[in-house]
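Shown next, in structure tokens, is the structure this report addresses.
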Amino acid sequence: MPFFSIITVCFNAGNTIAPTLRSVNEQTFRDFEHLIQDGGSKDSTLDIVRKYGSPQQSVVSQRDNGLYYAMNDALERASGRYVVFLNAGDAFHSPDTLQQVYEAITTSSVGNPGVAYGQTVLVNADRVILGPRHLTAPDNLSFNSFANGMVVCHQAFFARRDLAPLFNTSYRFSADYDWCIQILRKSPGNVYVDNTLIDYLHEGVTTANHKKSLRERFNIMCHYYGTIPTALRHIRFLFRHLMRKTLSQK
């Protein structure tokens, strides 16, 4: 049983996957498996995967019904104690990222934390850092933290595999948000790694999909945290968004 299962889901990712694979191969902590779940790519993706092949790497390439179906297939293959999703284009921030997470977990006062997590920065296609996410991971993470949105990026969320359910594929855009909440609801305690763990590739999202994702997240919030409290929080979210937009225009 490896300590970490790193899962990379990809499809026709020839232009983005190399930095992801490189960041995994450069890790100084080596007790991990790297599961690559490819959706049957027709471009150079698999050639690049083979180029960065390693003993820890396991590749499955087959057609699937979408992102979260592929993530479920990979999750069912995983055997590590902790699982983290590092999709094509995203990367570990530094070669000692896994070492930092491992030390945080094994020295935690919780003993066997359900989640280890940290901060995320946004990068562009040239791997230039654009800045932090607009939501900052809190020092203390709990089930109620996600009532304020996805305060921890999914890629910076290392979850105990025995607590991790399959993704709810009835959600097309926000199943990762639901997945994190389910884990936090069962977690005995969580440990914060006070550092940047992930470089998240910032790509343009279509307005239609963004709106659908927000609607799904609203429904998920209502399910776990109640409709009225969620509606009131969204008034604050709107005010926060307007303030951020105003400041960016100055």
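The values are calculated or read from the model by the stated rules, or taken from the named source; none is laboratory data. Every value quoted in this text rests on a predicted model; they were computed, and no experiment measured them. Because the Cβ atoms are built from the backbone with ideal geometry, glycine has one as well, and the counts that use them run over all protein chains shown. These area figures cover heavy atoms from the full protein model, side chains too; ligands, DNA and RNA do not enter into them. Shrake-Rupley method; radii C 1.70, N 1.55, O 1.52, S 1.80 Å.
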Meets criteria (of a type in the set (A, V, I, L, M, F, W, C), surrounded by 14 or more Cβ atoms within 10 Å (Cβ to Cβ), in contact (Cβ under 8 Å) with a residue 40 or more places away in the chain and in a helix (DSSP H, G or I)) for Ala18: no
Out of Val121, Val101, Val152, sole residue that is crowded, with 21+ Cβ neighbours inside 10 Å, in contact with a strand residue (DSSP E or B) (Cβ under 6 Å, 6 or more places away or on another chain) and over 19 Å from His210 (Cα atoms): Val101
Any pair with Cβ under 8 angstrom, 6 or more apart, that starts in segment 207-231 at a residue that is within 16 Å of Asn168 (Cα to Cα) and touching a residue at least 60 places away in the same chain (Cβ under 8 Å) and ends at one that is open to solvent by 60 Å² or more (accessible area, probe 1.4 Å) and assigned to a helix (DSSP H, G or I): Tyr224/Arg185
Tally, over segment 191-218, of residues that are among the polar types (S, T, N, Q) and at pLDDT below 95: 4
Single residue of segment 219-250 satisfying the filter (among the aromatic types (Phe, Trp, Tyr) and at pLDDT 90 or above) that is nearest to the chain's Cα centre (by Cα): Tyr224
Residue satisfying condition, being open to solvent by 50 Å² or more (accessible area, probe 1.4 Å), closer than 26 Å to Ile6 by Cα and not in a loop (DSSP other than H, G, I, E, B), within set Asp176, Asp194, Asp139: Asp194
Matching residues in segment 25-79 - criterion: being β-branched (Val, Ile, Thr) and open to solvent by less than 20 Å² (accessible area, probe 1.4 Å): Ile36, Thr45, Val49
Segment 155-173, subset free of Cβ contacts under 8 Å to residues at least 40 places away in the same chain and out of contact with any helix residue (DSSP H, G or I) (no Cβ under 8 Å at 6 or more places or on another chain), residue most open to solvent (accessible area, probe 1.4 Å): Asp162
Of the criteria (1) within 26 Å of Glu203 (Cβ to Cβ); (2) more than 19 Å from the chain's Cα centre (by Cα); (3) assigned to a helix (DSSP H, G or I), which one Glu103 fails: (1)
Verdict on Ile6 being assigned to a strand (DSSP E or B), of a type outside the set (Ser, Thr, Tyr), within 24 Å of Ile129 (Cα to Cα) and open to solvent by less than 10 Å² (accessible area, probe 1.4 Å): yes
In segment 197-227, the residues that are assigned to a loop (DSSP other than H, G, I, E, B) and of a type outside the set (D, E, K, R): His202, Gly204, Val205, Thr206, Gly226
